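Student: I have a structure I would like to understand better, so I am pasting it below and will then ask my questions one at a time.
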2 protein chains.
Amino acid sequence: MTVKLFVCTTCRAGETLQDGELPPGARLHAALVAGDVPEGVSVTPVECLSACGNGSAIALSASGRWTYVYGRLDTDHVPDILAGAAAYAASADGIVPWRERPQIFRKQSIARIPPLER
Amino acid sequence: MTVKLFVCTTCRAGETLQDGELPPGARLHAALVAGDVPEGVSVTPVECLSACGNGSAIALSASGRWTYVYGRLDTDHVPDILAGAAAYAASADGIVPWRERPQIFRKQSIARIPPLER
């Protein structure tokens, strides 16, 4: 089953962009795609996650699992985001034991949503 | 198809509770259940939506639709929340035209997440 790692590519994260400069969210997406993406995880760009006050934002989601939204992320966080995505993909229900979550996932959660089957 | 209106019943919304007092999230859940719940919408309690800094929080979700998370809600917002849930239920993909959204849904969005099928 595929886990979706949604990445907001329009997130400006409070920055004022120069002409032609990519938004921080698009840079984060590019860095994630270029990273060591875990098997079973699909990095998927999204135009807006409506978490603009907490950009850059990502979400992890899969059928039958809790969805998690995280914010205030940048390209320095790519290894931790991908490690967190791998742990999420390895979980049965999307709930990764607290100690196994990267610190950014413990500290920078915006919201979580139960699976529909709940 | 059923739309889920998830309500965080543990949200304290910054309040210090007296012994035996229900958290604001539980009071919001009770008021929503007692309200004019639209057909096709299931009000579903959840123990934590991890949006504690923006409580009380709710989420609207359905298969094949965008999920929306809203915060800083209380029992005064029940009619607007239920009207917003009805508009969401009537939409094809969860995206309600901006002008048809209750003001609380325009101003108090925490995040939105695409459908998995995207």
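Bear in mind these aren't lab numbers, they're just calculated from the coordinates by the rules spelled out. Note that this is a predicted model, so its numbers are computed, not measured. A quick note on method: Cβ atoms are made from the backbone with ideal geometry, for glycine too, and the neighbour counts reach across all protein chains shown.
Student: One residue is enough: does the stretch A:76-94 have a residue meeting the conditions within 12 Å of the chain's Cα centre (by Cα), within 21 Å of B:V7 (Cα to Cα) and surrounded by 19 or more Cβ atoms within 10 Å (Cβ to Cβ)?
Tutor: There is no residue in the stretch A:76-94 that is within 12 Å of the chain's Cα centre (by Cα), within 21 Å of B:V7 (Cα to Cα) and surrounded by 19 or more Cβ atoms within 10 Å (Cβ to Cβ).
Student: Filter the stretch B:1-34 for residues that are in a loop (DSSP other than H, G, I, E, B) and under 19 Å from B:I113 (Cβ atoms) and give the result. Please lay out each step first, then the result.
Tutor: Within the stretch B:1-34, the subset in a loop (DSSP other than H, G, I, E, B) is B:1-2, B:9-23, B:34.
Passing the criteria: B:M1, B:T2.
One line per residue, one yes/no per condition, for (1) more than 13 Å from chain B (Cβ to nearest Cβ); (2) of a type in the set (G, A, S):
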| residue | (1), (2) |
| --- | --- |
| A:G40 | yes, yes |
| A:C48 | no, no |
| A:A51 | no, yes |
| A:A57 | no, yes |
| A:L60 | no, no |
| A:G64 | no, yes |
| A:T67 | no, no |
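Student: Could you give me the residue pairs with C-beta distances under 6 Å whose first residue belongs to the stretch B:15-40 and is on the phi > 0 side of the Ramachandran plot, whose second residue is buried (at least 17 other Cβ atoms within 10 Å of the Cβ) wherever it lies, and which are 6+ apart or on separate chains?
Tutor: Within 6 Å, the pairs are B:G40/B:V3; B:G40/B:A89.
Student: If you take the residues in the stretch B:98-118 that are surrounded by 18 or more Cβ atoms within 10 Å (Cβ to Cβ) and part of a helix (DSSP H, G or I), which one is farthest from the other protein chains (Cβ to nearest Cβ)?
Tutor: Taking the candidates together, the pick is B:I104.
Student: Here's something else I'd like to know. Take the conditions in a helix (DSSP H, G or I) and among the β-branched types (V, I, T) and apply them to A:I95. Does it pass? Quick ask: steps written out before the conclusion?
Tutor: On the way: in a helix (DSSP H, G or I): no; among the β-branched types (V, I, T): yes.
Against the criterion (in a helix (DSSP H, G or I) and among the β-branched types (V, I, T)), A:I95 does not qualify.
Results for (1) hydrophobic (A, V, I, L, M, F, W, C); (2) buried (at least 20 other Cβ atoms within 10 Å of the Cβ), shown as yes or no for each residue.
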{"position": "A:A26", "(1), (2)": "yes, no"}
{"position": "A:A30", "(1), (2)": "yes, no"}
{"position": "A:P38", "(1), (2)": "no, no"}
{"position": "A:A57", "(1), (2)": "yes, yes"}
{"position": "A:S63", "(1), (2)": "no, no"}
{"position": "A:R72", "(1), (2)": "no, no"}
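Student: Here's a follow-up. So, in the stretch A:35-55, of the ones that are out of contact with any Cys (no Cβ under 8 Å at 6 or more places or on another chain) and in a loop (DSSP other than H, G, I, E, B), which residue ends up nearest to A:I110 (Cα to Cα)?
Tutor: A:S50
Student: Further question: Tally the residues that are touching a residue at least 24 places away in the same chain (Cβ under 8 Å) and over 17 Å from A:P114 (Cα atoms), restricting the search to the stretch B:47-78.
Tutor: Summing the residues that are touching a residue at least 24 places away in the same chain (Cβ under 8 Å) and over 17 Å from A:P114 (Cα atoms) in the stretch B:47-78 gives 7.
Student: In the stretch A:56-75, how many are more than 11 Å from the chain's Cα centre (by Cα) and assigned to a loop (DSSP other than H, G, I, E, B)? Give the steps one after another, and end with the answer.
Tutor: Looking only at the stretch A:56-75, we keep the residues that are more than 11 Å from the chain's Cα centre (by Cα), and these are A:62-66, A:75.
Subset that is assigned to a loop (DSSP other than H, G, I, E, B): A:62-66.
Final tally of qualifying residues: 5.
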